[in-house]
Amino acid sequence: MSERDPAQLLPLTSGMFQVLIALADGEKHGYAIIKEVARRTGGDVTLSAATLYTIVRRFVQEGVIAESAERPDPSLDDERRRYYRLTDFGRRVARAEAQRMETALGMARAKKLIPKARSV
Amino acid sequence: MSGDRWFRKLLNLLPFDMRSDYGTEMAQVFREQRREAADRGVAGLLRVWGHTVRDILAIGPREHLNQFRQDVTYALRSMRRNVGFVTVAVITLALGIGANTAIFSVVDAVLLRPLPYGESERLVAVWNRWDGSPSASLSDPEFLDYSEQSRTMTFAAMATSSVNVSGTSGDAERVSAAAVTVPTLDVLRAPLALGRTFRPEEAMPDSPTVAILSNGLWRRMFAADPGIVGHPVSLNGQPVEIVGVLPPDFYLPFEMTAASRAEILTPLAMDPAAPRNRRGGHYLLAFARLEDGATVAAASAEMDAIVGRLAREYPDEHDQGNFGVSVRPLRSDLLGDMSTPLLILTGAVGLVLLLACANVANLMLVRGESRRGELAVRTALGASRFRMIRQLLTESCVLALTGALAGLVVAHYCQRIIVAFAGSSMPLVRSAELNQAVLVYAALLGIATGVLFGAIPALQVSRGGAKDMSGALKAGSRGTILGRTRARRALVVCQVSLAMVLVVGAGLMIKSFALLMAAPSGFDPDRVLTMRMSLPQSRYPGRPEVAGYFKRLTEQVQTLPGVRAAGAGSGLPLAVRSGDWGFDIEGRPRNGTRFPAAADWYVVTPGYFEALGIPLRRGRLPASSDSADAAHVIFINETTARTFFANEDPVGKRVRFSRSRGDEQPWRTIAGIVGDVRHRGLDTPAFPEVFFPYEQFQHFSRGVQARAMSLVVKSAGDPLSMVSAVRAELRRIDPEIPASQVRDMWTVRSVSVADRRLMVVLMGAFGALALVLAAVGLYGVVSYSVAQRTREMGVRIAIGASRASVLGLVVSDGLRLVAVGAGLGLIASLVLTRSMATLLYAVGPRDVSMFIVATVTLLVTGLVASYVPARRATRIDPVSALRAE
């Protein structure tokens, strides 16, 4: 499993990618992921429960995310909730997808389809 | 709350695993989404609901498909890892499914495909019946009376014959023909491919002026010329106009089993104005279409009333015992004798498939042992029991469908063998094909088979759930292994009992067929060539011409080198037969107007009996001195002598045959008695028969001659080597008379039992297959048990048990299974073989000898199957067996 090539899973759907982004800075439970994705995309990507858990199920099977064994402070935790975190492999998948998109962007810029990125 | 319930219901569209793993969480997330949306009012709620419903409707089918694909991929991967197991299983299933598919294709062709007529379920067959004759043909007056008086049916009738046809190229061909009543094709609702049906004015009493061609003849002789209608064709040397062409695959009723189907239809002439008081001459095959609303029962009741009236009107003519008319649905009337053997074959081949399933289930159980580790790991990783069962069932279905696919190849070849054995005598069997219905059947059979043989192992392997599985991770737990062994032994017992039923069935068929082939046919088929020729009325109008032709023919053929004897007859044993004809015996009073005797009648030339090796019992055989102006004589067979001259010597007695539309028949003196011949079939005892010398023959209808005769030639060597010489003689006498049905008498005899032979071959093959499958199953179980008991065997040998006693131990274990299975199988056979009773000749369905033979066969098979692993047990080295523990 350790040497699996993340490219096997690419390209990701935008929902899948957003789930990875949402988990990039720490573990979250399902509803939190949906909220995070909606907030980050300004409501462009709204995941239904069914879509989210289809993605979660696939990612768990592929070892992209894992159910987190650690629970937050019990007072904050609803025990029915499960928390998910990115695995190392998942992090590589997210990175590979981002790079894939960057390459695509680069091509579009070279053809002047979109303006050059402003340097920050 | 109700929102939750609705959501739960929606979740049912998702795969079970997904629901069980994430259902609670999804419901919770959805609740939170609703709570948040509620702040934005009804519109917000509606949006959340709409979004969710749409997603689930899209995801459900997709995920199901994904999961199925995963299961199949997994199944294929695990099949690739077990090539040996897969090969054995697929071959076993291919044989089982292939044989079933082939038989189904025949059932489909014969029993399931609709008759080639519109609304064929409303067609009925109409037969006269009296004591001893359940299905007798109709005479002209009877047909006219029935059809005129019936209000529930529209009648049609046909009479078959054969004619010489020649088309534009001038080549004459002898083909089967049928004269049909004018409305026949309308009654059958058979649309023509070209042209029109007959018109009432075309039914001329003399000779036909119009004809309808079969599709085959139209293609063969006229190259499918679309403009053929209106052109002439020569029938028996006379030009008639072609008015129509039949559709492809069309056949007339009662031609289902006929060796050759009518290729020419002509209108049947019947004179409604003719007196109807002579009601003999039964030759019409009648059928009818029920009027709207009429039922078979109503039609039967109506016919009873009509026959009652006619019997009062013609008391002298309808005095056969219990004269009546039967009205039967056409389909069952035609298929009656074909459905029993086909249903038995279907049952038998179904048992073969069950056997194959048991074998594969057995293999799966063994394989389950070696997969316990793998399955335990998957359980530990969280796979549910449901998921495991589904996975195993998917694997067995993939395996079974692979088997079904391979089975199609088997079916293709089986079918070709069946068609080859069926020969031309079973045209419907020959039309069997692997069509869509058959392919669907094979696929369904594959899935059903997969579930059947997958179910036991799936439940077995997954039983006990995680507890058992975690045990499996450590070491084999004794309890389940025992349970599994018991299941496998039970499967073998089932296999043996199924095999028993099949072997008994096959044995009965084989014994019956052997007895039939050994039965005295009454003639000697060795080195006899036969061919049939028919003289056209145009050029052979009367008896002198007809008799002259056959006189010259037989006399000239007799002089050919290598010919021992030659003659001709209007009939031919096992191939061409006539109906019966009533006659008076001098000095014997009639019972009312009823004749004291009746017999099947034939016309023969000198040499006929000699060529066929039919022995003379008393008196003399026909001779060339029996000419038209000599004293009239007749020859009879032993059954006629026994039946009508029980305590007297028939030779020298005089008889006179009835007349219907001709002159009074002369008195004829019985000149000789010949041996009985099983004319109607090897399985049918001889009927009373009489033989007219051909020069003295006078038909009951004025002007009718015995124009069609079969030549029989006994040769010194190979009869078929005589064909060209005989044909040269035919050409020399009249080049326009073709010979048909050229074959030797062994072939005639063989064709007459083609259906029985096919049945024997198939039942025999199924029985043999069953034996092999049962032996393989037993071998597997005994081998496995030897492997499991290696240590025990080692101990036994170490403490001094002889190799022979170890051998005995293992073999007796195997034979115990066989004995139990055979016992159960015998009981089942006693019940099941009863259905075969009508197919058996001279053998009862509970023939003790066959039951004994079958039991011994199974025990010997069991002995061989257990002996091989038992030998292995005796070679166990006690030291290494004990050390291994």
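How large is log10 I(q)/I(0) at q = 0.22, 0.28 Å⁻¹ when the Debye formula is applied to the Cα atoms of region B:153-218, each weighted equally and without solvent?
-1.15, -1.50
Evaluated at 20 °C with a viscosity of 1.002 mPa s, what Stokes-Einstein diffusion coefficient in µm²/s does region B:182-223 have when Rh comes from the Kirkwood expression over alpha-carbon pairs?
Values: Rh = 11.8 Å.
Here the translational diffusion coefficient equals 182 µm²/s.
For the protein assembly as shown, build the charge dipole from Cβ charges (+1 Lys, Arg; -1 Asp, Glu) around the Cα centre, then report which of B:Val124, A:Ala94, B:Ser578 sits farthest towards its positive end.
Checking the options against the dipole of the protein assembly as shown, the answer is A:Ala94.
Suppose every Lys and Arg Cβ carries +1 and every Asp and Glu Cβ carries -1, with no other charges. What dipole size does region B:651-692 come out with about its Cα centre, to the nearest 20 debye?
Values: 8 positive and 5 negative charges, 37 e Å.
Roughly 180 debye, rounded to the nearest 20.
Would you list, by chain and number, the aspartates and glutamates whose Cα falls below 20 Å from the Cα of B:Lys511, excluding same-chain residues fewer than 8 positions away?
B:Asp683, B:Asp755, B:Asp847
So if we plug the beta-carbon distance of B:Ser332 and B:Leu405 into 1/(1 + (r/R0)^6) with R0 = 45 Å, what FRET efficiency do we get, rounded to 0.05?
Details: r = 36 Å, r/R0 = 0.80.
So, using R0 = 45 Å, E works out to roughly 0.80.
Please give the peptides B:706-713, B:54-61 ranked by average Cβ packing (other Cβ atoms within 10 Å per residue), highest first, as a rough proxy for protection.
The packing order, highest mean first, is B:706-713, B:54-61.
Suppose each label sits 7 Å from its Cα in the direction of the beta carbon; what would the B:Glu148-A:Arg4 distance come out to in nanometres?
Roughly 9.2 nm, to one decimal.
Which ordering of B:Phe609, B:Phe386 is given by a fewest-first count of other beta-carbon atoms within 10 Å?
Numbers: B:Phe609 24, B:Phe386 12.
Ascending number of Cβ neighbours within 10 Å: B:Phe386, B:Phe609.
Give the calculated FRET efficiency between B:Tyr413 and B:Thr346 to the nearest 0.05, with a Förster radius of 22 Å applied to their Cβ-Cβ distance. Show your work: numbers first, answer last.
Values: r = 19 Å, r/R0 = 0.87.
The pair B:Tyr413/B:Thr346 has a calculated efficiency of 0.70.
Got a sec? Charge dipole of the protein assembly as shown, +1 on Cβ for Lys and Arg, -1 for Asp and Glu; which of B:Ala406, B:Gly336, B:Met509 is way out at the positive end?
Going by the Cα projections, it comes out as B:Ala406.
Find the Cα radius of gyration of region B:1-48, compare it with 2.2 N^0.38 Å by division, and give the number to two decimals. If you can, show how the numbers build up before the last one.
On the way: Rg = 11.6 Å, N = 48, 2.2 N^0.38 = 9.6 Å.
Normalised Cα radius of gyration, region B:1-48: 1.21.
In deg cm²/dmol, rounded to 500, what helix-only [θ] at 222 nm does chain B give when every DSSP H run of at least 4 residues adds -39500 (n - 2.57) and the total is split over its residues?
Values: 24 runs with 464 residues, N = 885.
After summing the helix terms and dividing by residue count, I get -18000 deg cm²/dmol.
Taking each full run of DSSP H in chain B as one helix, which ones are at least 24 Å long along their axis (Cα atoms) and have mean Kyte-Doolittle hydropathy of at least 1.0?
Numbers: long enough: B:16-38 (31 Å, -1.16); B:41-80 (58 Å, -0.18); B:83-107 (35 Å, 2.06); B:296-313 (25 Å, 0.48); B:330-380 (65 Å, 0.79); B:385-422 (51 Å, 1.06); B:436-462 (37 Å, 1.70); B:478-518 (59 Å, 1.17); B:754-788 (51 Å, 1.42); B:803-832 (42 Å, 1.68); B:848-874 (37 Å, 1.34).
Length and hydropathy pass: B:83-107, B:385-422, B:436-462, B:478-518, B:754-788, B:803-832, B:848-874.
In chain A, if every C-alpha pair distance is counted and binned at 10 Å from zero, what percent goes to each bin?
Bin by bin from 0 Å, the calculated values are 12, 38, 32, 14, 3, 0.
Equivalent-ellipsoid semi-axes (√(5λ), Cα gyration tensor) for region B:493-576, whole Å, largest first?
On the way: eigenvalues 463, 55, 17 Å².
Sorted largest first and rounded, they come to 48, 17, 9 Å.
I'd like to know which of B:Phe104, B:Phe30, B:Ser78 lies farthest towards the positive end of the charge dipole of region B:23-143, counting +1 on Cβ of Lys and Arg and -1 on Cβ of Asp and Glu.
Positive-end residue among those listed: B:Phe30.
Pop a pseudo-label 7 angstrom from the Cα along the beta-carbon direction at both B:Asn647 and B:Leu112 and give the gap in nm to one decimal.
6.2 nm
If I model a spin label at B:Arg189 and B:Ala305 as a point 7 Å from the Cα along the Cα→Cβ vector, what separation in nanometres do I get?
In this crude label model, B:Arg189 to B:Ala305 measures out at 2.6 nm.
Please report, in debye to the nearest 20, how large the charge dipole of chain B is about its Cα centre when each Lys and Arg carries +1 at its beta carbon and each Asp and Glu carries -1 there. Intermediate results must be reported in sequence, preceding the final value.
Numbers: 96 positive and 76 negative charges, 969 e Å.
Rounded to the nearest 20 debye, it is 4660 debye.
Run the dipole for region B:1-116 about the Cα centre, Lys and Arg Cβ at +1, Asp and Glu Cβ at -1, nothing else charged, and hand back the magnitude in debye, nearest 20. Intermediate results must be reported in sequence, preceding the final value.
Details: 16 positive and 11 negative charges, 25 e Å.
Dipole magnitude for region B:1-116 comes out near 120 debye.
From the mean inverse distance of alpha carbon pairs (Kirkwood) and the Cα radius of gyration, derive Rg over Rh for region B:559-707.
Working: Rg = 14.9 Å, Rh = 15.7 Å.
Rounded to two decimals, Rg/Rh equals 0.95.
Could you check how many percent of all C-alpha pairs in region B:70-142 are farther apart than 14 Å?
On the way: 2076 of 2628 pairs.
More than 14 Å apart: 79 percent of the Cα pairs in region B:70-142.
Return the inverse of the average 1/r over all pairs of distinct C-alpha atoms in chain B, which is the Kirkwood hydrodynamic radius, in Å to one decimal.
On the way: mean 1/r = 0.0302 Å⁻¹.
Over chain B, the inverse of the mean reciprocal pair distance is 33.1 Å.
If I stretch the segment between B:Val879 and B:Asn322 completely, what's the gain in nm (0.36 nm per residue apart, minus their alpha carbon distance), one decimal?
On the way: separation 557, 0.36 × 557 = 200.52 nm, distance 8.65 nm.
Contour length minus Cα-Cα distance gives 191.9 nm.
Place a point 7 Å from the Cα of B:Asp4 along the Cα-to-Cβ direction; which residues of region B:32-52 have their backbone N under 15 Å from it?
Backbone N within reach: B:32-35.
For A:His29, B:His679, which order do you get if you count the other beta carbons within 10 Å of each Cβ and list the fewest first? Present the calculation step by step, with values, prior to reporting the outcome.
Details: A:His29 19, B:His679 23.
Ordered by Cβ neighbours within 10 Å, fewest first: A:His29, B:His679.
Could you give P(r) for the protein assembly as shown, binned at 20 Å from zero, as whole percent values over all Cα-Cα pairs?
10, 28, 25, 20, 13, 4, 0
Can you list the aspartates and glutamates whose alpha carbon sits under 15 Å from that of B:Lys714, skipping same-chain ones fewer than 8 residues off?
Cα-Cα hits under 15 Å: B:Asp524, B:Asp526, B:Glu555, B:Glu610, B:Asp744.
Please give the residues of region B:787-802, grouped as numeric ranges, whose backbone N is less than 15 Å from a label point set 7 Å along the Cα-to-Cβ vector of B:Ser812.
Only B:801-802 pass the distance filter.
Could you work out the percent of alpha carbon pairs in region B:823-870 separated by over 12 Å, rounded to a whole number?
Working: 763 of 1128 pairs.
Summing the P(r) tail past 12 Å for region B:823-870 gives 68 percent.
Once you have the Cα-Cα distance between B:Ala297 and B:Thr24, take 0.36 nm times their residue separation minus that, and quote the gain in nm to one decimal.
Details: separation 273, 0.36 × 273 = 98.28 nm, distance 6.49 nm.
Stretched out fully, the B:Ala297 to B:Thr24 stretch lengthens by 91.8 nm.
Please compute the contact order of chain B in relative form: average sequence separation of alpha-carbon pairs under 8 Å and at least six residues apart, divided by the residue count, as a percent. Before the final figure, lay out each step's value.
Working: 1508 pairs, mean separation 129.3, N = 885.
The normalised contact order for chain B reaches 15 percent.
At R0 = 25 Å, how high is the FRET efficiency between B:Arg220 and B:Arg430 if r is their beta carbon distance? Nearest 0.05 is fine. Don't jump to the answer; show the numbers that get you there.
On the way: r = 17 Å, r/R0 = 0.70.
It comes out at approximately 0.90.
Every read-out reported here was derived from the displayed coordinates using simple, explicitly stated rules and does not represent laboratory data. These numbers come from a predicted model, not from an experiment. Reconstructed Cβ throughout: ideal geometry from the backbone, glycine too, with neighbour counts over all protein chains shown.
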